[in-house]
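Following: one structure in structure tokens, then a few remarks.
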Amino acid sequence: MDKNIKIVEVEKPEESVWGIIGQGVHQFNLDEAGELDFQRVCFALETQDGEVLGGVIGEIFWEWFYLDLMWIQEDLRGKGYGEQLLSAIEEEARKKGAKHVYLDTFSFQAPGFYQKYGYQVFGELPDFPPGQKRYYLTKDL
């Protein structure tokens, strides 16, 4: 090992080394797996005045759609908006070339909701957070 190289803690990586590390990983991934064809997809649930009451966000790369975030204002839950948002974003992901979808959710969130629409658990982490579980789900589009 080179004595002139040391490991240091970086308190705010987003302000300094994040881009260097991220670019290095990105370039390595391109070299190994090819162009990722990254696309972001988002649908919002809005009032006529443009107030956002919920929505769903994800990203597509290498023919996989990652459903990153889905949230609906509490008083609108159970009224079919979740199903409509999920259906809309899955359809858009298909149109953009995605063949599969995956997501992660917590036991206190909505794993049953996704399972109702064909998602299968492929992994889980116990006690994440303590007393709960984190689930990883997938399905083919």
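The values are calculated or read from the model by the stated rules, or taken from the named source; none is laboratory data. Source: prediction; values computed, not measured. Ideal geometry is used to build each Cβ from the backbone, glycine not excepted, and the neighbour counts take in all protein chains shown. With ligands, DNA and RNA removed, areas are computed over all heavy atoms of the protein, side chains included. Shrake-Rupley method; radii C 1.70, N 1.55, O 1.52, S 1.80 Å.
Taking 26 Å as the straight-line reach from the Cα of LYS116, the lysines in range (excluding those fewer than 8 positions away in the same chain) are LYS79, LYS95, LYS96, LYS99, LYS133, LYS139. Per residue, segment 31-99 exposes 65 Å² of solvent-accessible protein surface, assessed with a 1.4 angstrom probe and all protein chains in place. Rounded, prolate or oblate: which fits the chain, taking a ≥ b ≥ c as square roots of the Cα gyration tensor eigenvalues, rounded meaning a/c under 1.5, else prolate when a/b beats b/c? Prolate shape, in that a/c is at least 1.5 and a/b is the bigger ratio. Let me know the shape class of segment 77-141, please: from the alpha-carbon gyration tensor, a ≥ b ≥ c as square roots of the eigenvalues, rounded when a/c is under 1.5, otherwise prolate if a/b is greater than b/c, or oblate. Since a/c reaches 1.5 but b/c is at least a/b, the shape of segment 77-141 is classed as oblate.
With a ≥ b ≥ c taken as the square roots of the eigenvalues of the C-alpha gyration tensor of segment 1-64, please select rounded if a/c is under 1.5 and otherwise prolate if a/b is larger than b/c or oblate if it is not? Oblate, since a/c reaches 1.5 and b/c is not below a/b.
Counting only alpha carbon atoms, the long axis of helix 81-95 and the longest principal axis of the chain meet at about 60°. When a 1.4 Å probe is rolled over the protein heavy atoms, the share of accessible surface on segment 44-119 that falls to carbon and sulfur comes to 48 percent. Calculated [222 nm] ellipticity per residue, helices only, for the chain: -8000 deg cm²/dmol; basis is -39500 (n - 2.57) per DSSP H run with n ≥ 4, divided by all residues, nearest 500. When peptides 42-54, 70-82 are sorted by average Cβ neighbour count within 10 Å, with the highest value leading, the order is 70-82, 42-54. Between VAL17, CYS42, ILE89, whose Cα lies farthest towards the positive end of the dipole of the chain when Lys and Arg beta carbons carry +1 and Asp and Glu beta carbons carry -1, centred on the Cα centre? It is ILE89. The H on the amide N of TRP64, modeled in the peptide plane, is under 5 Å from the matching H of LYS99, each at least 5 residues off or on a different chain.
Could you give the angle, 0 to 90 degrees to the nearest 10, between helix 18-33's Cα long axis and the longest principal axis of the Cα atoms of the chain? Around 80 degrees separate the two axes.
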